[in-house]
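One structure is given below, encoded as structure tokens.
The values are calculated or read from the model by the stated rules, or taken from the named source; none is laboratory data. Since the model is a prediction, treat every value here as computed from it, not as a measurement. Positions of Cβ are generated from backbone atoms using ideal geometry, with glycine treated the same way; all protein chains shown enter the neighbour counts. These area figures cover heavy atoms from the full protein model, side chains too; ligands, DNA and RNA do not enter into them. Shrake-Rupley method; radii C 1.70, N 1.55, O 1.52, S 1.80 Å.
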Amino acid sequence: MKVSIITVTYNSAATIADCIASVNEQTYPDIEHLVIDGASTDNTLEIIRNTPNRISQLVSEPDKGIYDAMNKGIRLATGDVIGILNSDDFYTSNDVITRIVSVFEKEPVDGVYGDICFVKPENLNKVVRYYSASWFRPALFRFGFMPPHPSVYIRRTCFQELGLYKEDYRIAADYELLIRFLKVNRLKTRYLNFCVVTMRTGGDSTKNLKSNWILNKEIVRGNRENGIYTNMFILMFKYVFKISGVLFPNRK
């Protein structure tokens, strides 16, 4: 089973080496790493080329945003299973892909998802929030909950049949896609009880109040486009759990 890992970059010089190294160090042999760069103006490309890697394709050209770049990667991918690893994230251990493939080989599933943990950029060893997906159910989409996107791995045939990320979303196209895949089309998935990816805090979806507002508006839109009613008030429920994750960062 071949696994395609897609990494989207744009001026990612500060973090891309860690991301590439974590893919390179995976013990699973059949990995296709695709890096889709948005014509970076810093030394991202130089770092990519000078870091030991397992990159199958490197594309660098202007794009229409992160979801356009992800879709480019999916169209180029030839693996049986596809996952996204952001340029400022890295795998929590070197056997993550091996463990993911083991589930696909043993069970008739369309996708898997697990946990992620957040760390401060200045201290990658200190977990400040643990995001467990053990409680996730598709019915919770209307409350603003989703499996952590960086932990999600889905068969390539599902993208071919159900479509890609909607590029007119700014922040929450991943949310809409997972509603479409897991709730509307009821893909069979399996929860992985371990931390798949370590993420640095400070991503676009949570960096300020404006980003949170855009995120929640798009979550409402994604639900409604897929026949699920929600509103901004209902989405406030999720922040109770986010606060819990910060207060008890190591709780699973």
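Looking at the range 17-30, which of its residues are of a type outside the set (Gly, Ala, Ser), closer than 14 Å to ARG54 by Cβ and not in a loop (DSSP other than H, G, I, E, B)?
From the range 17-30, those of a type outside the set (Gly, Ala, Ser) are 18-20, 23-30; that's our starting set.
Those still in the list that are closer than 14 Å to ARG54 by Cβ too: 19-20, 23-30.
Of everything in the range 17-30, those that are of a type outside the set (Gly, Ala, Ser), closer than 14 Å to ARG54 by Cβ and not in a loop (DSSP other than H, G, I, E, B) turn out to be CYS19, ILE20, VAL23, ASN24.
Taken over the range 98-131, the criterion of being in contact with an Asp or Glu (Cβ under 9 Å, 6 or more places away or on another chain) and under 22 Å from ARG200 (Cα atoms) is satisfied by ILE116, PRO121, LEU124, TYR130, TYR131. Right, THR7: open to solvent by 30 Å² or more (accessible area, probe 1.4 Å) and outside any helix (DSSP H, G or I) or not? Considered against the rule, which asks whether it is open to solvent by 30 Å² or more (accessible area, probe 1.4 Å) and outside any helix (DSSP H, G or I), THR7 comes out as no. Selection within the range 164-222: residues that are open to solvent by 40 Å² or more (accessible area, probe 1.4 Å) and assigned to a helix (DSSP H, G or I). The member of this set that is modelled with the lowest pLDDT is LEU209. Within the range 105-134, residues that are more than 29 Å from ASN185 (Cβ to Cβ) and among the aliphatic types (A, V, I, L, M) reach partners that are part of a loop (DSSP other than H, G, I, E, B) and open to solvent by 60 Å² or more (accessible area, probe 1.4 Å) with beta carbons closer than 8 Å, at six or more positions or on different chains, in the pairs VAL127/ASN250. For the criterion of being within 17 Å of the chain's Cα centre (by Cα), in contact (Cβ under 8 Å) with a residue 12 or more places away in the chain and within 15 Å of VAL152 (Cβ to Cβ), ALA77 passes.
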